[in-house]
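Asks: I'd like to ask you about the structure that follows.
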Amino acid sequence: MMNILRSIGRYVIGIFLGLGNAIFFLLEILGNIVKGKIRVQEVLKQIFEQGVQSLVIVALTSFASGAVLAMQGHVMLERFGAKEYVAHLVALSLVRELSPVFTSFIFSGKAGAKIAAELGSMSVNNQIVATRTLGVDPVEFLVVPRFVACFLVLPLLVVFSELLGIMGGYCVSVFEAGIPGSFYVTQTLRVINYVDFFSGLIKTFFFAFLIGWICCYQGFFTQGGSLGVGKYTTKAVAYSYIFVVLSNVFLTKVILALWQ
Amino acid sequence: MIEIIHLFKKLEDQMVLTDVNLKIALGEILVVLGGSGAGKSVLLQHLIGLMKPDRGSIMIDSKDITRLKERELLQMRKNIGFLFQEGALYDFMNVFENIAFPLQEHTTMNESGIRAKVKEALKIVGLEGADEKFPSELSGGMKKRAALARAIILDSKILFCDEPTSGLDPILSKDITDLIQNISRQLKCTTIITSHDMKNALRIADRVAIVFKGAILATGTQKDILSSQNAYVREFLN
């Protein structure tokens, strides 16, 4: 009995220590950003790498999601004689919910995993410690550019995803459902107001913050050689998914309460 | 001068450093010898401030580095070269960029100055022409040479080398230890090398310290060590 209690105690303490460490790490990142210690060239390099890596898959999934939404929407709405509202359904679903969340998932799986694996591999090969021995702060040199790039790339990817999703919906609506193209575009532009657009975008910034923090933290503190890199990278992606999903519930509630 | 005074460190209920006392004179080459898990690398990590001791102090140029904050340690490390066991070169930089990195970070040298300095360092370590190669394209010995060039590029007066011959064949081990000795003499560096390579250690060291279970068993010149009557030292020598 005592052993079980001791194990539970250790586990709980471990969680709190891990959380404290993660918060301290975040404060270190933010401290560097506030002091303006941002290596612009490194950030641009990271923006290019993270953005390019996710671009094709975001384009494909967004276009397909928009198309599927339009297909399903067309079938459902036609039952009520309201198939002209397909554009509304596609645009609002994508802008308010689907694009921010799905793009964040894709971004976690591609760019987030890349960040965790890169930093993890540097950690197990002593490159992070070597940075310290060279008199350079590894958080400033290796983490801040990746974190800042996340913050800048994900919102752009979300906007790109929204456009591609709407295009997917347009193609299905025009070529399959026989809705006039100009009507679809007009309806889309009319239905999206700034609240819809920015409520999705605000969430995206929050998701970018979470993904950057989680993936950089898991990568930076990777231990255990190549096995460890795999383990911590998987953890980074899994935690990113979980926190994006959970925070989305909370953020949606807050946004709806404040801004509806 | 470097002075280690009554250094103690416990890791996971195990003493890894037990009352370590050492003095290393200016320009001296000290080799810390010992088997795996003896505490050599932990000692070196304390010397560069990557670990804090439970007790004791480390004086480098009359400053107790165990009391320095991370920012002050980063400043201090600019004056110390550190050679890692596996080199720890950045994968995403080529050899030139790796060696130029400390110069770009800590000096105001222009690009041509940096290029000339890196070329000179590459010549010293015998890696001319390898500047465009990435670490993944280098052999174990070449990686260590490139890492050594990076460690000395700021003309540091202190050089720490962690197991520089591990993973190398006997000929390469001799080459690397000779290179470290030459560089230390040339730059008048105070050098501390951890190793379990007795043969090369005795060849290049001004003084040797034998570590066993975190404690210094014996220190002295090659002659002192060879004539030691300590059972572990005798076993290690044989």
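Asks: Which length gain, in nm to one decimal place, applies between A:PHE24 and A:GLU97 when the Cα-Cα distance is subtracted from 0.36 nm times their residue separation?
Replies: 23.1 nm
Asks: What value, in deg cm²/dmol to 500, does the helix sum -39500 (n - 2.57) over DSSP H runs of n ≥ 4 give at 222 nm once divided by the residues of chain A?
Replies: That calculation yields -28500 deg cm²/dmol at 222 nm.
Asks: Using only alpha carbon pairs under 8 Å that are at least six residues apart, calculate the relative contact order of chain B and give it in whole percent.
Replies: Once divided by the residue count of chain B, the mean separation gives 28 percent.
Asks: Using only the Cα atoms of the protein assembly as shown, build the gyration tensor, take square roots of its eigenvalues as a ≥ b ≥ c, and label the shape rounded, prolate or oblate: rounded if a/c is under 1.5, else prolate if a/b is larger than b/c, else oblate.
Replies: It is prolate, given that a/c is not under 1.5 and a/b is the larger ratio.
Asks: Quote the relative contact order of the range A:38-259 in percent (integer), defining contacts as alpha-carbon pairs under 8 Å separated by 6+ residues.
Replies: Averaging sequence separation for qualifying contacts and normalising by length gives 35 percent for the range A:38-259.
Asks: Hey, rough spin-label estimate for B:ARG55 and B:GLU105, points 7 angstrom out along Cα→Cβ, what's it come to in nanometres?
Replies: About 3.5 nm separates the two model spin labels.
Asks: List every residue whose amide H lies under 5 Å from the amide H of B:GLY81, counting only residues 5 or more places away in sequence or on a different chain, with H placed 1.01 Å from N in the peptide plane.
Replies: B:ILE158, B:LEU159, B:PHE160
Asks: So, one more: Inside 10 Å of the C-beta atoms of A:132-144, what's the mean count of C-beta atoms belonging to other chains?
Replies: Mean shielding count: 5.
Asks: Right, something else. Would you please classify the overall shape of the range A:113-202 from the alpha carbon gyration tensor, given that a ≥ b ≥ c denote the square roots of the eigenvalues, rounded means a/c under 1.5, and beyond that prolate means a/b larger than b/c while oblate covers the rest?
Replies: In terms of gyration-tensor shape, prolate.
Asks: Specify whether the C-alpha gyration tensor of the range B:15-64 places it in the rounded, prolate or oblate class, a ≥ b ≥ c being the square roots of the eigenvalues: rounded for a/c under 1.5, otherwise prolate if a/b is larger than b/c and oblate if not.
Replies: Note, shape of the range B:15-64 comes out oblate.
Asks: Where both partners of a DSSP beta bridge lie in the protein assembly as shown, what percent of those bridges are antiparallel, to the nearest 5?
Replies: 50
Asks: For peptide B:77-86, compute the average count of partner chain beta-carbon atoms within 10 Å of each residue's beta-carbon.
Replies: Averaged over the peptide's residues, the number is 3.
Asks: Still on this structure: How large is the accessible surface of B:ASP13 in square angstrom, using a 1.4 angstrom probe and rounding to the nearest 10?
Replies: 150
Asks: Next question, about the same structure. Working from Cα positions, state the angle (0 to 90°, nearest 10) between the long axis of helix A:2-34 and the longest principal axis of chain A.
Replies: Computed tilt is about 70 degrees.
Asks: Further question on the same structure: How would you order B:15-21, A:124-130 from highest to lowest mean count of nearby Cβ atoms within 10 Å?
Replies: So the peptides B:15-21, A:124-130, ranked by packing, come out A:124-130, B:15-21.
Asks: Per residue of A:227-237, count partner chain C-beta atoms within 10 Å of its C-beta, then hand back the mean as an integer.
Replies: The per-residue average across the peptide is 0.
Asks: Whole angstrom only: what separates the Cα centroid of the range A:209-248 from the Cα centroid of the range B:77-116?
Replies: 30
Asks: Based on the mean of other beta carbon atoms within 10 Å per residue, what is the order of A:4-12, A:22-30, most packed first?
Replies: The most tightly packed comes first, giving A:22-30, A:4-12.
Asks: Rank by packing, highest mean first: peptides A:205-213, B:218-226, with packing defined as the count of other Cβ atoms within 10 Å averaged across residues.
Replies: So the peptides A:205-213, B:218-226, ranked by packing, come out A:205-213, B:218-226.
Asks: I'd like the distance between the alpha-carbon centres of the range B:197-219 and the range B:1-29, rounded to an integer number of Å.
Replies: So the separation of the two Cα centres works out to 13 Å.
Asks: When the Cα atoms of the range A:38-259 are enclosed in a convex hull and the volume is divided per residue, what value in Å³ results?
Replies: Measuring per residue, one finds 127 Å³ for the Cα hull of the range A:38-259.
Asks: Going through the cross-link list A:LYS35/B:LYS78; B:LYS143/B:LYS199; A:LYS231/B:LYS63; B:LYS10/B:LYS63; A:LYS37/A:LYS235; A:LYS45/B:LYS119, which pairs have a Cα-Cα distance over 30 Å in this structure?
Replies: A:LYS231/B:LYS63
Asks: In chain B, what percentage of the DSSP-assigned beta bridges are antiparallel, given to the nearest 5?
Replies: Counting only bridges with both partners in chain B, antiparallel ones make up about 50 percent.
Asks: Let me ask something else about it. Got a sec to turn the phi values of the range A:130-140 into Karplus ³J(HN,Hα) couplings, 6.51 cos²θ - 1.76 cosθ + 1.60 with θ = phi - 60°, whole Hz, x for Gly and Pro?
Replies: Residue by residue, the range A:130-140 yields 4, 4, 5, 5, 8, x, 10, 6, x, 5, 5 Hz.
Asks: Could you report the accessible area of A:GLU162 in Å², rounded to 10, computed with a 1.4 Å probe on the protein chains as they sit in the structure?
Replies: Its heavy atoms expose roughly 10 Å² to the probe.
The values are calculated or read from the model by the stated rules, or taken from the named source; none is laboratory data. These numbers were taken from a predicted model, which means no experiment stands behind them. In this analysis, Cβ positions are derived from the backbone assuming ideal geometry, glycine residues included, and neighbour counts consider all displayed protein chains. Surface areas here come from the heavy atoms of the whole protein model, side chains and all, with no ligands, DNA or RNA. Shrake-Rupley method; radii C 1.70, N 1.55, O 1.52, S 1.80 Å.
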